[in-house]
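> Take this structure first; my questions come after.
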Amino acid sequence: MFYVHVFYKKCPTCRQTWSPQLSQAAVIRIGKEVFVCKCGTAWPTGRVEWAHLTPRMRRSYFLSTAEIGVLLLWPFAGGLFAFFVAQNRWMGLFWGILGGLAMAVVIVAVMWALKFTIVRLSLRRCPVSLLAMPVGSGFFDLFRDSVSTIEGAEQGRMAQIQQTYGEDKQHVATLTLAEYRSLLSAVPLPSTQQKSEFAEFVSTAHSWYKHLPPNLPGQPFYFFIDKYAGCDRLLREDGTAVVVERTERGFHYSDLPTKEYRSRFGYLAFSCSSGTSVFVANWPLVYSRDKVAAVPGDDGKMYGIPKEILEVGETHLTAIIHPGGSCYPVCNSLKDWPQESGGRIALEKIATRCREMQDPKNPRWQLDTRSVGYTDPLLDNLVVPERQRQKREIVRSVGRVCEVIRGGRDHA
């Protein structure tokens with residue numbers, strides 16, 4: 001009988017599997033970087049999107065050992081076969097090599113066609129980001145390459161979307177604490193379970209291992225209550241907006257249906273200026289609201305969070321908060337480590353493991369040390385205490401916000 005051994009990853013909670021592959025060889029695999037299983041947990045897949053590969057890795061993807069092996073093996077096999085079969089051995093050798101080379105070119109062409117298709121699908125999964133992208137970050141290069149294939153009318157439409165989007169972000173008035181409490185007067189506060197689940201959700205809401213600094217103090221996050229948490233805010237072409245419930249998953253993997261979101265997290269929300277904001281550039285415009293500490297009002301307009309809530313709801317997170325932070329590029333950049341999470345002893349163990357990973361004797365050293373988001377099991381065990389500490393800080397921040405809101409209700 002013929003058996004095929006398939007390797008895959010499995011969620012320890014819901015037992016769902018993902019990332020099937022026929023080998024565990026250290027090769028570059030293009031694909032979705034995050035998989036969301038049935039229980040709602042986001043896991044790094046070990047794959048990487050084309051836009052996140054270095055130029056050298058892109059060349060290696062199309063000139064891998066598979067292509068090189070085919071180009072060498074087929075001419076050799078064809079020439080060897082013809083040498084022993086043909087009457088004129090040397091002419092047979094010549095034509096055998098030539099025929100094998102022709103067959104090798106055909107096979108490589110088919111392989112490249114498949115790889116080009118995979119690359120195109122990867123680029124479709126990386127839409128244009130129009131928020132929090134500084135000049136020189138690579139956004140304008142991507143945007144320039146994208147619009148170069150679009151006619152002038154399409155460029156004008158994109159420019160209008162950018163302008164409307166920018167104006168919408170500027171028109172944000174800040175609520176007073178009394179106004180904020182009034183907006184939330186009928187909103188229930190989250191349960192203990194919802195606070196814990198929300199901390200888990202935030203930890204994988206974006207690819208933080210690519211956007212947050214590895215070392216403390218990290219990047220500030222703000223946690224608050226949003227009357228329209230889990231909803232889509234539809235921005236129309238004329239600049240007006242309306243808030244509607246989300247009936248199915250949105251474009252981004254963290255955009256859960258409203259009912260599911262509120263069942264798991266209540267009305268909790270967060271904001272962080274880091275990361276990317278992705279959306280489909282069509283009217284009405286629906287974009288992520290987790291880049292600005294603001295909430296929609298009943299009129300659909302955005303209003304800033306009161307400073308009293310921002311002060312108590314602030315905490316700092318690092319790239320370690322995401323499971324993908326258990327990778328060489330992040331852990332090799334660590335300079336300090338909280339005593340609560342193991343202190344200097346844990347930091348030295350992390351450094352030792354990083355040295356082992358970059359040892360040329362390690363057959364996977366190139367992939368291990370260059371793949372951002374590749375979760376190394378040994379590093380993961382070492383950084384888990386710090387990841388859990390940061391999640392506890394999220395829960396504490398949410399608790400302080402709830403106390404401020406509850407205090408106003410008790411006073412009333």
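> Condition test on Leu347, is it more than 18 Å from the chain's Cα centre (by Cα) and surrounded by 16 or more Cβ atoms within 10 Å (Cβ to Cβ)?
yes
> Further question on the same structure: So the check is Cβ under 7 Å with 6+ separation or different chains; which pairs have a first residue in segment 309-323 that's farther than 14 Å from Thr375 by Cβ and a second one that's surrounded by fewer than 24 Cβ atoms within 10 Å (Cβ to Cβ) and of a type in the set (Gly, Ala, Ser)?
Gly313/Ser397; Glu314/Ser397; Thr315/Ser397; His316/Gly218; Leu317/Gly218; Thr318/Gly218
> Moving to a separate point now. Just give me the residues in segment 178-198 being surrounded by fewer than 18 Cβ atoms within 10 Å (Cβ to Cβ) and part of a loop (DSSP other than H, G, I, E, B), in sequence order.
Answer for segment 178-198, where residues must be surrounded by fewer than 18 Cβ atoms within 10 Å (Cβ to Cβ) and part of a loop (DSSP other than H, G, I, E, B): Ser185, Ala186, Val187, Pro188, Ser191.
> Ok, one more. Whether any residue in segment 317-330 is at pLDDT below 95, in a loop (DSSP other than H, G, I, E, B) and surrounded by fewer than 18 Cβ atoms within 10 Å (Cβ to Cβ) is what I want to check.
No; the residues of segment 317-330 include none that is at pLDDT below 95, in a loop (DSSP other than H, G, I, E, B) and surrounded by fewer than 18 Cβ atoms within 10 Å (Cβ to Cβ).
> Could you run through segment 228-265 and say how many residues are free of Cβ contacts under 8 Å to residues at least 60 places away in the same chain and of a type in the set (A, V, I, L, M, F, W, C)?
Counting residues in segment 228-265 that are free of Cβ contacts under 8 Å to residues at least 60 places away in the same chain and of a type in the set (A, V, I, L, M, F, W, C) gives 5.
> Kindly indicate whether Ser397 is surrounded by 16 or more Cβ atoms within 10 Å (Cβ to Cβ) and either closer than 27 Å to Glu33 by Cβ or free of Cβ contacts under 8 Å to residues at least 12 places away in the same chain (or both).
No; evaluated as a whole, the condition is false for this residue.
A quick yes/no check of all residues on (1) among the β-branched types (Val, Ile, Thr); (2) touching a residue at least 24 places away in the same chain (Cβ under 8 Å):
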site: Val36; (1), (2): yes, yes
site: Pro55; (1), (2): no, no
site: Phe62; (1), (2): no, yes
site: Gly79; (1), (2): no, no
site: Val85; (1), (2): yes, no
site: Trp90; (1), (2): no, no
site: Leu98; (1), (2): no, no
site: Leu101; (1), (2): no, yes
site: Val108; (1), (2): yes, yes
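> Right, something else. Mind listing just one residue for me: the one in segment 57-115 that is hydrophobic (A, V, I, L, M, F, W, C) and not in a helix (DSSP H, G or I) and, of those, surrounded by the fewest Cβ atoms within 10 Å (Cβ to Cβ)?
The selected residue is Leu63.
> Out of everything in segment 45-56 that is under 20 Å from Leu121 (Cβ atoms) and in a helix (DSSP H, G or I), what residue ends up being modelled with the highest pLDDT?
Here the answer is Trp50.
> Given the conditions (1) of a type in the set (S, T, N, Q); (2) surrounded by fewer than 19 Cβ atoms within 10 Å (Cβ to Cβ); (3) closer than 30 Å to Asn332 by Cα, and given that Thr258 satisfies all but one, which numbered condition is not satisfied?
Of the numbered conditions (1) of a type in the set (S, T, N, Q); (2) surrounded by fewer than 19 Cβ atoms within 10 Å (Cβ to Cβ); (3) closer than 30 Å to Asn332 by Cα, the odd one out for Thr258 is (3).
> Contact list please: Cβ distance under 8 Å, first residue in segment 326-337 and within 15 Å of Ser207 (Cα to Cα), second residue of a type outside the set (Ser, Thr, Tyr) and assigned to a loop (DSSP other than H, G, I, E, B), pairs at least six apart or on different chains.
Between residues of segment 326-337 that are within 15 Å of Ser207 (Cα to Cα) and residues that are of a type outside the set (Ser, Thr, Tyr) and assigned to a loop (DSSP other than H, G, I, E, B), the close pairs are Ser326/Asp376; Cys327/Val372; Cys327/Gly373; Cys327/Asp376; Pro329/Val372; Val330/Pro214; Val330/Val372.
The values are calculated or read from the model by the stated rules, or taken from the named source; none is laboratory data. The structure presented is a predicted model; accordingly, all values stated were derived computationally and were not measured. With ideal geometry, Cβ positions are generated from the backbone for all residues, glycine too; neighbour counts draw on all protein chains shown.
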